[in-house]
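What follows is one structure encoded as structure tokens, with my remarks underneath.
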Amino acid sequence: MIDNKQKKLWIDGQEVDGDAGVAPLVSINPATGAVNHEVAAAGSAAADAAVRSADEAARAPAWRGMLPAQRARILARIADGMEARGEELAQLQMLENGKVWRECQAQVKSAAATFRYYAGVCETTGSEVTPARGDYLSMAVYEPYGVVAAITPWNSPMTMEAQKVAPALAAGNAVVLKPSEITPSTGLVLGQIALAAGLPPGLLNVLPGTGHEVGAALVAHPKVRLVSFTGGTESGRRIAEVAARKLMPVALELGGKSPHIVFNDASVDAAVAAIAGGIFEGSGQSCVSGSRAFVQRGVYAQVVEKLVATARALRVDLPDRPGAEMGPLATFAHRDRVAAMVEAARRAGAEILTGGARPDQAQLDSGAYYLPTVISGIDNRADIAQQEIFGPVLCVIPFDDEEDLITQANDSAFGLASGIWTADYQRAWRVARALEAGTVWINTYKQLSISTPFGGFKESGIGREKGISGMRLYQQPKGIYFGMGA
């Protein structure tokens, strides 16, 4: 059951009013345009209170001295709590960002599984005895940073929150979570779940608010020792500039313009289904969306025809309707931005093969909907092929041979993900190694595993989340030597 009264900040295990003079956030349902609820917003005062609470909790002997197995049990109970409140979490996400119901349900399960995974990592990952080069015993141990600021986006709030909070807690830190102002509510529920699971107060504080007010205050706070951010490249650049002055490490997972490649010998039907899923699922609002489809000329016409037919057949509907395959974009402003980029491409000579407009169903008139769109008649240097659109817009570009493909695919400021479809595994290996991307999928796409490191090359980010190294991201190595001489 969703409570529509104003939601409050979560600091030191308690609900707290927003900062005086900071306007509350108004959550709008992008599927209907209706107001969901209000959420109290944090500013610099709340940021300072949350960080000081987190710093005190991180230094407390009860947390610093807690055995990994005990910490793991808390993480596992958080997963239990997420599953117990799964319907509520899924509904909150659907109301705030418009993802279709089945995706929201799947993301609750994924977020809970992330806490379970890091419970296992926490309990089983140990320190190391390093090879001695003298009469001593040397070890590498791993210490928490202290206070971690986790700043998450609106496209997949539950999975992104779990992906940062779970490993940071497993590593022994305290976390101040700043969810997107568009999707603040799942993070607030996570704070309640964590406290009920036995996490000591102050170890997870949740501050809804804008990046300009509370986000900037967290990044600049002297007691914040590491920032983990997922979002746009320009925001990441500003965070990195502040971090550089503080000599503070950052983890930045930023934008993408991922190439999805089809060679002549590929299974065309499988490739088309994966390309469509990779760009239209979640209305294209994913950093790994395969937004540039490079298709070898021998199958170009066939692939384009099938992609257009697939896009036209997708059911765009209210996200809670059975069978809905695409919901609205997360905000009206973002929908308008996507539409403006497509119109600019049209004026520049691009051919809009399908989509490029809002749906005409009367029941969708009040929502932030945009049809799945396929664009051709451009080359890779076109603005629409270089800029991250973050919407259901696919650019289809032909290529001639492997060398031509690699040149075009790598001709981007981004390097987050990529996909390859071919029956030739020697070619797949060569191309995978040549692509400048943090993730390469071969004859599949958008398969994501919490156990596999994830991050980007170039302007797509710094650092790697997920996997065992995803916990080490939130720890500092320390060398310890025991002299063995007389």
**OP:** Could you pull out the residue among L247, L226 that is in contact with a strand residue (DSSP E or B) (Cβ under 6 Å, 6 or more places away or on another chain), modelled with pLDDT of 95 or more, farther than 24 Å from Q14 by Cβ and hydrophobic (A, V, I, L, M, F, W, C)?
**Re:** L226
Original post:
If you check H212, H221, which single one turns out to be farther than 30 Å from A324 by Cβ, in the same structural domain as M160 (by TED's automatic domain parsing) and without any contact (Cβ under 8 Å) to a residue 60 or more places away in the chain?
Top reply: H212
**OP:** Scan region 1-57 for residues that are under 23 Å from G198 (Cα atoms), surrounded by fewer than 23 Cβ atoms within 10 Å (Cβ to Cβ) and among the hydrophobic types (A, V, I, L, M, F, W, C) and report the count.
**Re:** 2
Subject >> strands (runs of 3 or more DSSP E) (entirely within region 388-454) containing at least 1 residues that are at pLDDT below 95, over 21 Å from R297 (Cα atoms) and not assigned by TED's automatic domain parsing to the domain that holds I378 >> reply: none
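So that you can scan it fast, the table gives a plain yes or no per residue for (1) surrounded by 14 or more Cβ atoms within 10 Å (Cβ to Cβ); (2) of a type in the set (A, V, I, L, M, F, W, C):
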position	(1), (2)
P322	no, no
M326	yes, yes
V338	yes, yes
A350	yes, yes
L353	yes, yes
R358	yes, no
Q361	no, no
G367	yes, no
Original post:
Of all the residues that make up region 58-87, how many are not in a helix (DSSP H, G or I) and not charged (D, E, K, R)?
Top reply: 4
Original post:
In this structure, is A385 touching a residue at least 24 places away in the same chain (Cβ under 8 Å), in the same structural domain as G415 (by TED's automatic domain parsing), surrounded by fewer than 19 Cβ atoms within 10 Å (Cβ to Cβ) and assigned to a helix (DSSP H, G or I)?
Top reply: no
Original post:
Being β-branched (V, I, T), more than 28 Å from the chain's Cα centre (by Cα), on the phi < 0 side of the Ramachandran plot and part of a loop (DSSP other than H, G, I, E, B), is that true of even one residue in region 357-380?
Top reply: yes
**OP:** Tell me which of these F229 doesn't satisfy, since it passes every other one: (1) free of Cβ contacts under 8 Å to residues at least 60 places away in the same chain; (2) outside any helix (DSSP H, G or I); (3) within 16 Å of the chain's Cα centre (by Cα).
**Re:** (1)
Original post:
Given the conditions (1) buried (at least 18 other Cβ atoms within 10 Å of the Cβ); (2) assigned to a helix (DSSP H, G or I), and given that K99 satisfies all but one, which numbered condition is not satisfied?
Top reply: (2)
**OP:** Please work out which one of (1) under 19 Å from A168 (Cβ atoms); (2) under 21 Å from the mean Cα position of the chain (by Cα) is the condition K246 fails and give its number.
**Re:** (2)
Original post:
Does region 109-122 contain at least one residue that is free of Cβ contacts under 8 Å to residues at least 24 places away in the same chain and either over 30 Å from P61 (Cα atoms) or touching a strand residue (DSSP E or B) at 6+ places or on another chain (Cβ under 6 Å) (or both)?
Top reply: no
Subject >> Residue that is surrounded by 17 or more Cβ atoms within 10 Å (Cβ to Cβ), part of a helix (DSSP H, G or I) and outside the structural domain of G323 (by TED's automatic domain parsing), where the choices are A149, A90 >> reply: A90
**OP:** Keeping to region 464-486, report how many residues are surrounded by fewer than 18 Cβ atoms within 10 Å (Cβ to Cβ) and not β-branched (V, I, T).
**Re:** 12
Subject >> Residue that is more than 21 Å from I384 (Cα to Cα), at pLDDT 95 or above, outside any loop (DSSP other than H, G, I, E, B) and among the charged types (D, E, K, R), where the choices are D336, D269 >> reply: D269
**OP:** Being within 25 Å of the chain's Cα centre (by Cα) and in a loop (DSSP other than H, G, I, E, B) is the filter here, so list the residues in region 1-31 that pass it.
**Re:** I2, K8, P24, N29, P30, A31
Subject >> Flag if D55 is modelled with pLDDT under 95 and not in a strand (DSSP E or B) >> reply: no
**OP:** Evaluate the following for V295: is it hydrophobic (A, V, I, L, M, F, W, C), assigned to a strand (DSSP E or B), assigned by TED's automatic domain parsing to the domain that holds T422 and surrounded by 15 or more Cβ atoms within 10 Å (Cβ to Cβ)?
**Re:** yes
**OP:** Please enumerate the residues belonging to region 298-312 that are more than 23 Å from F390 (Cβ to Cβ) and surrounded by fewer than 18 Cβ atoms within 10 Å (Cβ to Cβ).
**Re:** G298, A301, Q302, E305, A309
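The values are calculated or read from the model by the stated rules, or taken from the named source; none is laboratory data. The structure displayed is predicted, hence computed values, not measured ones. Reconstructed Cβ throughout: ideal geometry from the backbone, glycine too, with neighbour counts over all protein chains shown.
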